[in-house]
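Here the structure is laid out as structure tokens; the discussion comes afterwards.
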Amino acid sequence: MNSSMLEYFTKAADGWREYRKRRSYYWDSITDYCNYYIHPQNTVLEIGCGTGELIGKVNGSHKVGIDFCEALIAQAKEAQSGVDFYTMEAEAIELDEKFDVIIMSNLTGFVDDIELVFNQMRKVCHEKTRIIVTSYSRLWEPMIGLAEAIGIKRRTPEQNWISKKDLINLLYLVGFETYRVNSSMLIPFNIPLIAPLFNRILSHLPIFSWFTLNNYLFARPLPVEEGWEKKHTVSVLVPARNESGNIRAAVERIPDMGSHTEIIFVEGNSTDDTWETIQSIQKEYEGRRDIKILQQDGKGKGDAVRKGYSVATGDVLMILDADLTVPPEDLPKFYHAIATGKGEFINGVRLIYPMEDGAMRTLNTIGNHFFSKLFSWLLEGSIKDTLCGTKVMMREDWLKLAEGRKFFGDFDPFGDFDMLFGAYKLNLKIIDLPIRYRERKYGTTNISRFKHGLLLLKMSAFAASKIRFR
């Protein structure tokens, strides 16, 4: 940063903590927003930490704050505990470690060379680092100028007013991919009843969201694709209830993927001979295919997924419904997407390609399109099909998801919402992967359109309170 900026912040340092305290409603909203995506086991770096209020309050097993102003760092060391603070320019980062999360809050307006700062971040990133960049909306420039003129806001040197698209482009130029963009806050002051209504609810609705003050960009290092073919081992979980006629076809049609592929059948209280068929097929293919078999104690696909994943050994976890309406031959596409880092939660989509006659009932199709729109809004990204049976993620992320399941609760009998909500909370990049949806050749569906549809609505409303209206 230039000398005039340093002079400004040095002079402001003595009163900076008190100023932040008087504006705590605004600043705490940014801290809380960032903290939603940060977990206790994460290592966290804040670039441009000032007096350390944000980095001091967020989760983290090891936290570091850097700022170019020595006077601000002195204040931070005095006020915050459990954080390592260093006087250091964002344009010249010298830290001998990599961080899980890097926060840059309202800093891009003050630096001389934003691209250089983003380049410096690469020094402290590993392949799964998450970047959170917060900034003012350009629409608020006149309002902020007015607030400074009448003394409501501290007057600052002239800032860079950079758009979200500009920030996304600069991140891309230095090797970061922006995978989520959102915004919040319509009223930056704590006006009882009014501020919560506008900031927690209206700011997340269409049209109102155009006028929000704070922008949030989430980015990650662009993935490196070399050596993906044999990079991971794979577990394919096949929940099976009354699917006796599909078991052999599943084993024969599931391709070998990665360096090793195991198949896990979880039988769920069938009334036909599914369990006996699974046992017979396992013996028949012994030595040719790695097959594990289990029976459910509980009910529902969600319970089957959790039971199966508890014994899975693969790096990559896949779900394949035993009805084979999602062709097993499509699974390598999912492996490629996750092994090359294109996404971290790969969500199958049935609603793009034409379906075979009878593959999906009309009401189911309408319901799936409705939940597609709802979830795209809920999870701030394109989620075109919430209930496709095939979802893929890394086992290490599944273990984190399971550990944090209590946040959303444990009432999803299908497992699809549980996984989508959990992936969002883990700040994973969720991507859709279109598949051809086939008509089932054996048995009938286990889904009740009306009963389960109402349950899905209930879960969606609960998730909205935990995600959008938190």
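Of note:
- Residue within region 42-63 that is farther than 24 Å from residue 397 by Cα, more than 32 Å from the chain's Cα centre (by Cα) and open to solvent by 20 Å² or more (accessible area, probe 1.4 Å) present: no
- Residue in region 291-301 that is open to solvent by less than 20 Å² (accessible area, probe 1.4 Å) and within 27 Å of the chain's Cα centre (by Cα) present: no
- Matching residues, region 176-201, being on the phi > 0 side of the Ramachandran plot and surrounded by fewer than 20 Cβ atoms within 10 Å (Cβ to Cβ): 193
- Scanning region 233-251 for residues that are closer than 16 Å to residue 319 by Cα and not aliphatic (A, V, I, L, M) yields 233, 235, 239, 241, 243, 246.
- Residue in region 439-452 that is open to solvent by 10 Å² or more (accessible area, probe 1.4 Å), within 24 Å of residue 307 (Cα to Cα) and modelled with pLDDT of 80 or more present: no
- Top-ranked residue in region 24-40 [being without any contact (Cβ under 8 Å) to a residue 60 or more places away in the chain and open to solvent by 30 Å² or more (accessible area, probe 1.4 Å); ranked as nearest to residue 69 (Cα to Cα)]: 27
- When residues in region 328-350 are screened for being under 21 Å from residue 267 (Cα atoms) and open to solvent by 10 Å² or more (accessible area, probe 1.4 Å), 0 of them pass.
- Residue, most open to solvent (accessible area, probe 1.4 Å), within region 232-269, restricted to residues that are polar (S, T, N, Q) and closer than 11 Å to residue 322 by Cα: 242
- Filter result (part of a loop (DSSP other than H, G, I, E, B) and either of a type outside the set (Lys, Arg) or surrounded by 13 or more Cβ atoms within 10 Å (Cβ to Cβ) (or both)) within region 279-290: 285, 286, 287, 289
- Qualifying residue in region 93-115 (condition: closer than 20 Å to residue 172 by Cβ, open to solvent by 30 Å² or more (accessible area, probe 1.4 Å) and out of contact with any strand residue (DSSP E or B) (no Cβ under 6 Å at 6 or more places or on another chain)): yes
- Test: residue in region 150-162 that is of a type in the set (A, V, I, L, M, F, W, C) and outside any loop (DSSP other than H, G, I, E, B): no
- Condition check for residue 164: open to solvent by 30 Å² or more (accessible area, probe 1.4 Å), touching a residue at least 60 places away in the same chain (Cβ under 8 Å) and not aliphatic (A, V, I, L, M): no
- Taken over region 225-270, residues that are of a type in the set (Gly, Ala, Ser), under 20 Å from residue 392 (Cα atoms) and part of a loop (DSSP other than H, G, I, E, B) amount to 3.
The values are calculated or read from the model by the stated rules, or taken from the named source; none is laboratory data. Computed from a predicted model, the values in this text were never measured in an experiment. For neighbour counting, all protein chains shown are included, and Cβ atoms are generated from backbone atoms with ideal geometry for every residue, glycine included. Only protein heavy atoms, including side chains, enter the accessible area calculation; ligands, DNA and RNA are left aside. Shrake-Rupley method; radii C 1.70, N 1.55, O 1.52, S 1.80 Å.
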